[in-house]
Amino acid sequence: MPGLAHYMAQYDHEHSSGWNKLLHGLGIPMIFLGLILLVLTRWIWGASFFVGGWIFLLLGHKIEGNHPAFFQGPIYLLLGPIWVAKEAWEFLTGSHRTPTAEGTSEATTTKQS
């Protein structure tokens, strides 16, 4: 069974466009906020955030020209939030992981003067 690194590499491959990353960075948190609001009986707000988040995700994939990763398996529904957290962390810290020839990732840090 493939590990988390395999799924993350696949998810990265399917989400390489800057617009797709931005729309996922907005859409996935919106979906989770929508679910929380639905549970708290704020159903109009919850439904709005939930549907709006999915619209952002689908628009990002239309821009990138591929299908959402969850069509490959339900594991990707759980992987999306992990990927967004990783992308946010890399953005905030200025680090970025690049794949190496062995299929692992190597951290690189970019700092501007």
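The values are calculated or read from the model by the stated rules, or taken from the named source; none is laboratory data. Just so we're clear, the structure is a prediction, and the values are computed from it rather than from any experiment. Note that we place each Cβ from the backbone using ideal geometry, even for glycine, and neighbour counts take in every protein chain shown. Quick note on the areas: whole protein, heavy atoms, side chains included, nothing else; ligands and nucleic acids left out. Shrake-Rupley method; radii C 1.70, N 1.55, O 1.52, S 1.80 Å.
Taking the condition of being modelled with pLDDT under 75, over 19 Å from Met1 (Cα atoms) and small (Gly, Ala, Ser), how many residues in the range 64-113 meet it?
Residues in the range 64-113 being modelled with pLDDT under 75, over 19 Å from Met1 (Cα atoms) and small (Gly, Ala, Ser): 4 in total.
Tally time: how many residues in the range 2-44 are of a type in the set (Lys, Arg) and open to solvent by less than 40 Å² (accessible area, probe 1.4 Å)?
Matching residues across the range 2-44 total 0.
Against the definition (in a helix (DSSP H, G or I), modelled with pLDDT of 90 or more and of a type in the set (Lys, Arg)), how does Lys21 come out, yes or no?
So Lys21 does not fit the description; no.
Is there a residue in the range 33-51 that is touching a residue at least 12 places away in the same chain (Cβ under 8 Å), under 15 Å from Tyr76 (Cα atoms) and of a type in the set (A, V, I, L, M, F, W, C)?
Checked against the condition, which is being touching a residue at least 12 places away in the same chain (Cβ under 8 Å), under 15 Å from Tyr76 (Cα atoms) and of a type in the set (A, V, I, L, M, F, W, C), the range 33-51 yields no hits at all.
Please work out which residue is least open to solvent (accessible area, probe 1.4 Å), limiting yourself to the range 62-79 and to residues that are more than 17 Å from Met8 (Cα to Cα) and either in a helix (DSSP H, G or I) or of a type in the set (Val, Ile, Thr) (or both).
Once the filter is applied, the top-ranked residue is Glu64.
Filter the range 80-92 for residues that are open to solvent by 40 Å² or more (accessible area, probe 1.4 Å) and free of Cβ contacts under 8 Å to residues at least 12 places away in the same chain and give the result.
Across the range 80-92, the qualifying residues are Ala85, Trp89, Phe91, Leu92.
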